[in-house]
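The values are calculated or read from the model by the stated rules, or taken from the named source; none is laboratory data. What you are looking at is a predicted structure, and each value in this text was computed from that prediction instead of being measured. Quick reminder, even Gly has a Cβ in these numbers, built from the backbone with ideal geometry, and neighbours come from all protein chains shown. Only protein heavy atoms, including side chains, enter the accessible area calculation; ligands, DNA and RNA are left aside. Shrake-Rupley method; radii C 1.70, N 1.55, O 1.52, S 1.80 Å.
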Amino acid sequence: MNKDQWIMGIETSCDETAVAIIKNGREISANIVASQIESHKRFGGVVPEIASRHHVEQITIVLEEALYKAGITYSDLSAIAVTEGPGLVGALLIGVNAAKAVAFAHGIPLVGVHHIAGHIYANRLVEEMEFPLLSLVVSGGHTELVYMKEHGHFQVIGETRDDAAGEAYDKVARTLNLPYPGGPHIDRLAHEGNPTIQLPRAWLEEGSYDFSFSGLKSAVINTVHNAEQRGETIVPEDLAASFQESVIDVLVTKTERAVEEYQVKQLLLAGGVAANKGLRASLEKRFGDKAEIKLIIPPLTLCTDNAAMIGAAGSVLFEKGQFAGLDLNANPGLDITIHNDK
């Protein structure tokens with residue numbers, strides 16, 4: 001009789017202190033998240049030092065709660081998977097050092113996980129992956145198209161050259177005097193308005209899968225400032241709808257072209273902006289009826305930062321025997337191809 005595999009996932013790359021227990025790679029036994037949004041809201045964004053201090057305060061509590069909810073002890077764990085990068089270096093260090101301490105104290109194997117690989121593997125908690133596949137990753141700091149030919153192998157075929165989509169959402173939200181985080185508020189307003197304002201779409205060079213949202217962000221800011229100087233009033237709902245339509249149009253069009261070129265079996269949506277209702281609806285409209293490709297969109301709880309996704313990605317690395325030593329360190333600039341072909 002095969003013994004169950006239990007992976008503890010730890011995620012502290014930004015402003016969530018999260019610990020999860022994943023059974024046999026795909027079953028969530030516990031997924032605990034301590035959010036810091038209220039602490040950062042008054043600053044309009046994440047303050048790294050405050051984030052790190054909150055992680056120090058929360059990490060032990062969250063570790064114990066995850067084990068309690070899963071009904072297991074440290075002796076049952078097969079491995080500990082922790083986000084080693086990218087992210088805020090101070091925040092990452094809290095999770096990495098907590099993981100190393102537990103691994104050392106209990107003699108448990110340690111696995112370092114790339115944060116974006118985690119977001120992609122959140123989809124495996126919904127449905128088993130079929131290769132080759134393509135993942136559209138849209139988050140606060142990343143906008144990428146990632147091709148995978150097999151488990152643990154990542155090829156970035158397109159990425160943002162400046163602002164990520166999530167950054168553009170937050171900056172536009174600030175321009176409209178909306179609270180942090182801005183994405184959900186822009187999404188809500190967009191559904192109440194009409195896309196009546198002409199805004200640019202950055203297609204870049206012919207055939208490119210890269211993204212650029214800095215120009216769009218600037219266009220929105222200029223539209224607001226010009227209207228104020230002329231004494232005109234812009235309907236916030238219409239501006240939000242116009243901005244969101246521009247973002248989604250570029251994301252979905254480039255994704256559709258990549259799906260056709262790479263002949264993938266699955267399209268996965270990943271990252272915090274994957275919670276955006278407009279983006280989800282647009283992808284479902286474009287790909288929902290295509291029999292040749294399966295669209296997978298994770299539930300909202302698995303879109304934002306969580307540790308279940310780190311445990312899911314860590315399970316694959318554990319099975320591949322790609323372990324980390326106790327010299328594992330936080331790496332804020334970690335490349336997602338770090339584990340390719342090992």
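Only one of the numbered conditions (1) open to solvent by less than 70 Å² (accessible area, probe 1.4 Å); (2) within 30 Å of Glu261 (Cβ to Cβ); (3) part of a loop (DSSP other than H, G, I, E, B) is violated by Glu167, and that is (3). Among residues that are under 17 Å from Val220 (Cα atoms), among the hydrophobic types (A, V, I, L, M, F, W, C) and either open to solvent by less than 40 Å² (accessible area, probe 1.4 Å) or assigned to a helix (DSSP H, G or I) (or both), Val172 is included.
Just checking, does the stretch 272-289 include any residue being within 20 Å of Phe154 (Cβ to Cβ), in the same structural domain as His185 (by the TED database), of a type in the set (A, V, I, L, M) and open to solvent by less than 50 Å² (accessible area, probe 1.4 Å)? Checked the stretch 272-289: at least one residue is within 20 Å of Phe154 (Cβ to Cβ), in the same structural domain as His185 (by the TED database), of a type in the set (A, V, I, L, M) and open to solvent by less than 50 Å² (accessible area, probe 1.4 Å). The residues of the stretch 66-75 that are exposed (fewer than 15 other Cβ atoms within 10 Å of the Cβ) and not aromatic (Phe, Trp, Tyr), listed by number, are Gly71, Thr73, Ser75. Looking across the stretch 293-305, the residues that are assigned to a loop (DSSP other than H, G, I, E, B), in contact with a strand residue (DSSP E or B) (Cβ under 9 Å, 6 or more places away or on another chain) and farther than 25 Å from Ser52 by Cβ come down to Ile293, Ile297, Pro298.
Among the residues in the stretch 141-151, are any open to solvent by less than 30 Å² (accessible area, probe 1.4 Å), modelled with pLDDT of 95 or more and of a type in the set (Phe, Trp, Tyr)? Within the stretch 141-151, not a single residue is open to solvent by less than 30 Å² (accessible area, probe 1.4 Å), modelled with pLDDT of 95 or more and of a type in the set (Phe, Trp, Tyr).
State yes or no: is Val146 in contact with a strand residue (DSSP E or B) (Cβ under 6 Å, 6 or more places away or on another chain) and more than 20 Å from Asn276 (Cβ to Cβ)? No: the conditions fail for Val146.
Among the residues making up the stretch 182-204, a single one is of a type in the set (Asp, Glu) and surrounded by 14 or more Cβ atoms within 10 Å (Cβ to Cβ): Asp187.
Under the condition of being in contact with a Pro (Cβ under 7 Å, 6 or more places away or on another chain) and either without any contact (Cβ under 8 Å) to a residue 12 or more places away in the chain or over 15 Å from Ile234 (Cα atoms) (or both), the residues counted in the stretch 164-186 number 2.
Within the stretch 261-288, can you find the residues that are of a type in the set (D, E, K, R) and more than 15 Å from the chain's Cα centre (by Cα)?
Passing the criteria: Glu261, Lys265, Lys277, Glu284, Lys285, Arg286.
Would you confirm whether any residue within the stretch 110-127 is of a type outside the set (Lys, Arg), under 18 Å from Met309 (Cβ atoms), touching a residue at least 60 places away in the same chain (Cβ under 8 Å) and open to solvent by 40 Å² or more (accessible area, probe 1.4 Å)?
yes
Filtering the stretch 29-47 to residues that are open to solvent by less than 70 Å² (accessible area, probe 1.4 Å) and out of contact with any Phe, Trp or Tyr (no Cβ under 7 Å at 6 or more places or on another chain) leaves Ser29, Ala30, Asn31, Ile32, Val33, Ala34, Gln36, Ile37, Ser39, Val46, Val47. Considering (1) surrounded by fewer than 20 Cβ atoms within 10 Å (Cβ to Cβ); (2) more than 21 Å from Ala122 (Cβ to Cβ); (3) among the aliphatic types (A, V, I, L, M), the lone condition that Ala51 does not fulfil carries the number (1). Quick one: in the stretch 253-292, which of the residues that are in a loop (DSSP other than H, G, I, E, B), without any contact (Cβ under 8 Å) to a residue 60 or more places away in the chain and small (Gly, Ala, Ser) is nearest to Ile10 (Cα to Cα)? Within the stretch 253-292, the match that is nearest to Ile10 (Cα to Cα) is Gly288.
Among the residues of the stretch 153-164, which ones are in contact with a Lys or Arg (Cβ under 8 Å, 6 or more places away or on another chain) and open to solvent by 40 Å² or more (accessible area, probe 1.4 Å)?
Gln155
I need the full set of residues from the stretch 306-330 which are part of a loop (DSSP other than H, G, I, E, B) and open to solvent by 30 Å² or more (accessible area, probe 1.4 Å), in order please. Scanning the stretch 306-330 gives Gly321, Phe323, Gly325, Leu326, Asp327, Asn329. Based on what the data block shows, is Val252 touching a strand residue (DSSP E or B) at 6+ places or on another chain (Cβ under 9 Å), at pLDDT 95 or above and either surrounded by fewer than 21 Cβ atoms within 10 Å (Cβ to Cβ) or of a type in the set (D, E, K, R) (or both)? It is true that Val252 is touching a strand residue (DSSP E or B) at 6+ places or on another chain (Cβ under 9 Å), at pLDDT 95 or above and either surrounded by fewer than 21 Cβ atoms within 10 Å (Cβ to Cβ) or of a type in the set (D, E, K, R) (or both).
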